[in-house]
């Protein structure tokens, strides 16, 4: 009996440390993503190509039934959403997180209308939303069908 109590206590400590790790990752990626989005030009382009006007591409854009979706934006928001879900699962903050991520993905793209050297693009907006929706969809399936 004493051994199982000790194991449970150790497991709780480990899980708390893992959740804290994901929280730090979520907040860090959030700050980096907002900085990259609001910078007039391309910070990554400045470092990779010595051209602050050139945006780097990880892969080519996704084309689904004549709808172009920016793959870079899917990756960025899928990463951010994944970190957020891992950081806040089994808490009351998960619903707030989902709303926050949807609003963030829309608002950041709308800011490109007023930021110099940046343009609002529907493919980027769709990429942001697909990244968020994809991870939330997987999360909802997992919590529905997998018992913890």
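See the values below:
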read-out: Approximate shape of the range 1-129 as ellipsoid semi-axes (Cα gyration tensor, √5λ), whole Å, largest first; value: 36, 16, 14
read-out: Rounded tilt (10° steps) of 122-145 against the dominant C-alpha axis of the chain; value: 10 degrees
read-out: Additional length obtainable on full extension of the chain from residue 62 to residue 24, 0.36 nm per residue less Cα span; value: 10.6 nm
read-out: Percent breakdown of C-alpha pair distances by 10 Å bin, ordered from the shortest bin, for the range 1-75; value: 16, 26, 23, 16, 12, 7, 1
read-out: In range of the label at residue 13: residues from the range 76-118 whose backbone nitrogen is under 18 Å from the point 7 Å along Cα→Cβ; value: none
read-out: Value of [θ]222 nm, deg cm²/dmol, for the chain, DSSP H segments ≥ 4, -39500 (n - 2.57) each, nearest 500; value: -24500 deg cm²/dmol
read-out: Packing-based order for 27-35, 84-92, 14-22, using average beta carbon neighbours within 10 Å, highest first; value: 84-92, 27-35, 14-22
read-out: Rh by Kirkwood over Cα pairs, then Stokes-Einstein D for the range 64-148 at 0.890 mPa s and 25 °C, µm²/s; value: 180 µm²/s
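Since every read-out is calculated from the coordinates, none of them should be taken as a lab result. Because the structure is a prediction, the values reported are computed rather than measured. Methodologically, a virtual Cβ is constructed for each residue, glycine included, from the backbone with ideal geometry; neighbour enumeration extends over all protein chains shown.
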